[in-house]
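The values are calculated or read from the model by the stated rules, or taken from the named source; none is laboratory data. Because the structure is a prediction, the values reported are computed rather than measured. A quick note on method: Cβ atoms are made from the backbone with ideal geometry, for glycine too, and the neighbour counts reach across all protein chains shown. These area figures cover heavy atoms from the full protein model, side chains too; ligands, DNA and RNA do not enter into them. Shrake-Rupley method; radii C 1.70, N 1.55, O 1.52, S 1.80 Å.
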Amino acid sequence: MEVVIAPSADAVAALAAEIVARAVSTSEHPVIGLATGSSPIPTYQRLIDLHRSGQVSFTHASAVMLDEYVGLPRGHRESYRSVIRREFVDRVDLAVEQLHSPDVHSDDLAAACSAYDETVVALGVDVQLLGIGGDGHIGFNEPGSSLVSRTRIKTLTAQTRDDNARFFESVEEVPRHVVTQGLGTIATARHLVMIATGAGKAEPIATAVEGPVSAICPASVMQLHPHVTVLVDEEAAALLRLADYYRHTYENKPSWQAL
Ligand code: GLP
């Protein structure tokens, strides 16, 4: 796992966008994993800028989403599919037909979860962007999630519903159920890129990166993956015990070694 402590949230976004742009430019049929939440928004903005200046094209790319709410009307503005289209897909040349997300309106939700899991694995994700919840969740894998779980229905914790209430009129409107790629599904991506900025992420980041691998902090499953880049700003890095070592490593990174 490589931890990069960047001077600002903007610098974090620039690094994350660079990783995605490189993957998209070097693969014939790149597959990118998109995360929602506010953390990756500046990264999407960077990618949109790179696209507008002709430095990256997504015409041959596909995208898979991590998770989706269950119970919102189709096309609801806060459904994750709507958010990811608004914030990224509709603003670059990625065909909307190539944006994959779980069919949360299916009459057979369990079958839809399995089908989505198979799609994600068959496509083969090159780079998966991840944020981290205040309780250490990734996607919507709440604490207690099996470290080898697959795409399935989950029930949100009270903390996650409170955290996400800012996108709705009130906390009562935040759905209780979601479909999320499992931790085992997420781990099939070739490269995991976690983006965390701000003081509120200091504790979950320290627990995920330096704590024990445990279902109580689902993001700690990253420690078992062979290629993980954790991009944090100074505030999110505040509780990392090995911060000086991570800085030293990055400053002395061989020029031939990419992120
Ligand atoms: C939601 C999403 C996660 C995201 C988390 C943190 O729960 N399902 O994918 O990482 O929010 O969001 P934010 O980046 O806004 O703190």
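Summary of computed values
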item: Criterion: more than 19 Å from the chain's Cα centre (by Cα), within 20 Å of Thr151 (Cβ to Cβ) and open to solvent by 10 Å² or more (accessible area, probe 1.4 Å) - qualifying residue of Gly75, Gly124, Gly71; result: Gly71
item: Test set (1) crowded, with 24+ Cβ neighbours inside 10 Å; (2) closer than 18 Å to Met1 by Cα; (3) of a type in the set (Ser, Thr, Tyr) - Thr188 fails condition number; result: (1)
item: Residues of the stretch 27-44 that turn out to be under 8 Å from the mean Cα position of the chain (by Cα) and more than 6 Å from the ligand (Cβ to nearest atom), as a count; result: 3
item: Options Asp49, Asp67: the member that is among the charged types (D, E, K, R) and under 25 Å from Gly182 (Cα atoms); result: Asp67
item: Residue among Thr155, Thr151, Thr160 that alone is out of contact with any helix residue (DSSP H, G or I) (no Cβ under 7 Å at 6 or more places or on another chain), β-branched (Val, Ile, Thr) and either at pLDDT 95 or above or under 22 Å from Ala115 (Cα atoms) (or both); result: Thr155
item: Residue tally, condition open to solvent by less than 50 Å² (accessible area, probe 1.4 Å), under 29 Å from Val121 (Cα atoms) and of a type in the set (A, V, I, L, M, F, W, C), over the stretch 148-173; result: 1
item: Pairs with Cβ under 7 Å, 6+ apart, first in the stretch 171-185 and more than 12 Å from Ile138 (Cα to Cα), second among the small types (Gly, Ala, Ser); result: Val171/Ala165; Val174/Ala165; Pro175/Gly71; His177/Gly71
item: Test for Glu234: is it surrounded by fewer than 20 Cβ atoms within 10 Å (Cβ to Cβ), of a type outside the set (A, V, I, L, M, F, W, C), within 22 Å of Arg77 (Cα to Cα) and out of contact with any helix residue (DSSP H, G or I) (no Cβ under 6 Å at 6 or more places or on another chain); result: no
item: Lone unmet requirement of (1) closer than 18 Å to Arg81 by Cβ; (2) more than 12 Å from the ligand (Cβ to nearest atom) for Val171; result: (1)
